[in-house]
1. Return the only residue of 100, 52, 42, 10 being touching a strand residue (DSSP E or B) at 6+ places or on another chain (Cβ under 7 Å) and free of Cβ contacts under 8 Å to residues at least 24 places away in the same chain.
2. Within the group 83, 173, 147, 128, which residue is in contact with a helix residue (DSSP H, G or I) (Cβ under 8 Å, 6 or more places away or on another chain), touching a residue at least 24 places away in the same chain (Cβ under 8 Å) and over 23 Å from residue 191 (Cα atoms)?
3. Return only the number of the condition from (1) within 24 Å of residue 25 (Cβ to Cβ); (2) within 16 Å of the ligand (Cβ to nearest atom); (3) part of a helix (DSSP H, G or I) that residue 233 does not satisfy.
4. Tally time: how many residues in segment 69-93 are more than 16 Å from the ligand (Cβ to nearest atom) and either modelled with pLDDT under 95 or in contact with a strand residue (DSSP E or B) (Cβ under 9 Å, 6 or more places away or on another chain) (or both)?
5. Of the residues 242, 263, which single one is within 16 Å of the ligand (Cβ to nearest atom), surrounded by fewer than 19 Cβ atoms within 10 Å (Cβ to Cβ) and free of Cβ contacts under 8 Å to residues at least 40 places away in the same chain?
6. For residue 118, are the conditions met, namely being free of Cβ contacts under 8 Å to residues at least 40 places away in the same chain and surrounded by fewer than 20 Cβ atoms within 10 Å (Cβ to Cβ)?
7. Just checking, does segment 260-273 include any residue being closer than 18 Å to residue 33 by Cα, over 17 Å from the mean Cα position of the chain (by Cα) and assigned to a loop (DSSP other than H, G, I, E, B)?
8. Tell me yes or no: at least one residue of segment 122-143 is within 28 Å of residue 68 (Cα to Cα) and more than 14 Å from the ligand (Cβ to nearest atom).
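The values are calculated or read from the model by the stated rules, or taken from the named source; none is laboratory data. Here the structure is a predicted model, which is why all the values come from computation and not from measurement. For neighbour counting, all protein chains shown are included, and Cβ atoms are generated from backbone atoms with ideal geometry for every residue, glycine included.
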Ligand code: SF4
């Protein structure tokens, strides 16, 4: 199989576009889409901008950090920090943090780590031990968002970049549709405007299918952690992952279609991600209800 753009051997077949790409053109294609998304989502002008990149040490966030650095490091008015959340998951998170640290050292980027233990007094493992009924990801998601916001505040970030790829994004859109959660669908990142007290999230890999992110990492010599979270099997997302894969297999281009559909929906919605937001009565952090989701969980766990 030859590359559609030159005579070299292709390393990848993109069924969604009908093209085959060699190593060089695949990397160029990934970089072009990421550059365009950064420009579109963060609209970097002449003013000073600080971006916190959330890095777990896995493939997507490592590729996101590497590309943000490659694309933005020559800009004098843009500063990049890496931030990592340590949930406290035995046998998993430590190796991810180590991979993130090594990549940051290689790129010369400051790396900031904050743990659930430091922030909430308990690790995720301890919380799961106390509450065995709740799916661990239901605890982990809001707590991680909270810690990431704290890290972004610490480095005074204007934006928080997340390594969410096209497959992840299509799964999240479908999850919100199936739950009938229109508000959450409309308020998904990337955020055009931001709610007071919260850092705008951008998704540089939103148009990069998972397989392309893996190939990009391998072809660019980016070392990442290959471990899987032990709670992954219980994640609700798994059935959506299978559904999106099945759609893509039967109808190539489905993931892009889901993304484009959600973008049009968000653009034409009267609901927006900006506007006033209240404060949690317990921790004082931004919250749309009296008690933020994290404090609600911690209060409930106290009774166990
Ligand atoms: Fe957290 Fe679930 Fe991801 Fe594990 S799989 S890190 S529990 S969100």
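1. Criteria check complete, one pass: 10.
2. Result: 128 is the single residue among 83, 173, 147, 128 that is in contact with a helix residue (DSSP H, G or I) (Cβ under 8 Å, 6 or more places away or on another chain), touching a residue at least 24 places away in the same chain (Cβ under 8 Å) and over 23 Å from residue 191 (Cα atoms).
3. Looking at each condition in turn, residue 233 falls short on (1).
4. Residues meeting the conditions: 12.
5. Only one candidate passes the filter, namely 242.
6. yes
7. no
8. No, segment 122-143 contains no residue that is within 28 Å of residue 68 (Cα to Cα) and more than 14 Å from the ligand (Cβ to nearest atom).
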